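The values are calculated or read from the model by the stated rules, or taken from the named source; none is laboratory data. None of these values were measured; they are calculated from a predicted model. Note: ideal-geometry Cβ built from the backbone for every residue, glycine included; neighbour counts use all protein chains shown.
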Amino acid sequence: MALNTFILTLSCVDRPGIVAAVTTELAANGANIAESSQFWDRRTDRFFMRIGFTAPEGTSREQLERALQPAVTRFDMKTALVAEARVPRIVIMVSKFDHALQHLLYQIRVAWLRAEVAAIVSNHEDARSTAEAQGIPFHHWPVTRDTKAEQEARLIDLVQSAEVDLVILARYMQVLSDTLSNRLFGKVINIHHSFLPSFKGAKPYHQAHERGVKLIGATAHYVTPDLDEGPIIEQETERVTHALSADDLVAVGRDIEARVLGRAVKLHLESRVMLNGKKTVVFG
């Protein structure tokens, strides 16, 4: 008998009986739980859960949502239910540095990332050849102070018309407006360098080299109106020494950025990341 696979994520104020209520309804509909993770945040008293389960052939998402509604109402849950059969659709935004873009495309090609690239968007022409070689629609939308609002309106139209699930800023060197950041909150992931101390502006790796840093790294996070302050999904650091040149740090940094962004995107696409205020709950 063929089975459908679904992922259910939920959060609510912690109370006894949450797990029992959900799993009872799933069992009544012939579902079999394959994976389950849960977390209680004692500080906020919120409960988070991710359940992967199979359901009999012909079971629809709408049918399961109706079955779960009594539990959702009883515990005032915030839920999301996705069918694994649907391949998530993404838009990748990039400027001139394409290492993170290339890494994402490779991981999709070898099926480590399960996603369909609806489009590549850039404020430069550099990535056009990459997009065309892989048959991906490419949009060159230059950004100036006068055209920023128009460009972001185009992006919103693209997200809606192409039914995009996630926008990825793969070293896209433009700051999104507060309006766009709020509208797409939880659906835009950014990658940026992270140092101790933090270096902002032009040539951060060269600044780090001048200060003799011993650790460099990268952070993937959701985009919010507060620049580079969004909920963190994934991070990595690597130890470096005085023997490395500024160009060496750039090379190490590119490698870290690509890996961290790839892992963050995978976690999001697999519904393993849940927002918890300014933080995230990440079920590995």
* To do: Please identify the pairs in which a residue from the range 88-99 that is touching a residue at least 24 places away in the same chain (Cβ under 8 Å) has its Cβ atom under 9 Å from the Cβ atom of a residue that is acidic (Asp, Glu) and assigned to a helix (DSSP H, G or I), counting only partners at least 6 apart or on another chain.
  => PHE97/GLU257; HIS99/ASP255; HIS99/GLU257
* Return yes when GLU116 is under 15 Å from the mean Cα position of the chain (by Cα) and surrounded by fewer than 18 Cβ atoms within 10 Å (Cβ to Cβ) and no when it is not. => yes
* If you go through the range 70-77 one residue at a time, do you hit one that is under 21 Å from VAL273 (Cβ atoms) and among the aliphatic types (A, V, I, L, M)? -> yes
* Which condition does LEU176 not pass, out of (1) among the hydrophobic types (A, V, I, L, M, F, W, C); (2) outside any loop (DSSP other than H, G, I, E, B); (3) free of Cβ contacts under 8 Å to residues at least 60 places away in the same chain; (4) surrounded by 15 or more Cβ atoms within 10 Å (Cβ to Cβ), if it passes all the others? -> (2)
* To do: Filter the range 223-237 for residues that are surrounded by 15 or more Cβ atoms within 10 Å (Cβ to Cβ) and either among the hydrophobic types (A, V, I, L, M, F, W, C) or touching a strand residue (DSSP E or B) at 6+ places or on another chain (Cβ under 7 Å) (or both) and give the result.
  => VAL223, ASP228, GLY230, PRO231, ILE232, ILE233, GLU234, GLN235, GLU236, THR237
* **Where a residue in the range 48-71 is in contact (Cβ under 8 Å) with a residue 60 or more places away in the chain and its partner, wherever it lies, is assigned to a helix (DSSP H, G or I), with Cβ under 8 Å and at least six apart** => LEU68/VAL22; LEU68/GLU25; LEU68/LEU26
* Say whether the condition of being in contact with a Pro (Cβ under 7 Å, 6 or more places away or on another chain) and closer than 18 Å to VAL265 by Cβ is met by at least one residue in the range 145-166. => yes
* Asked: Within the range 263-273, is even one residue assigned to a helix (DSSP H, G or I) and modelled with pLDDT under 95?
  -> no
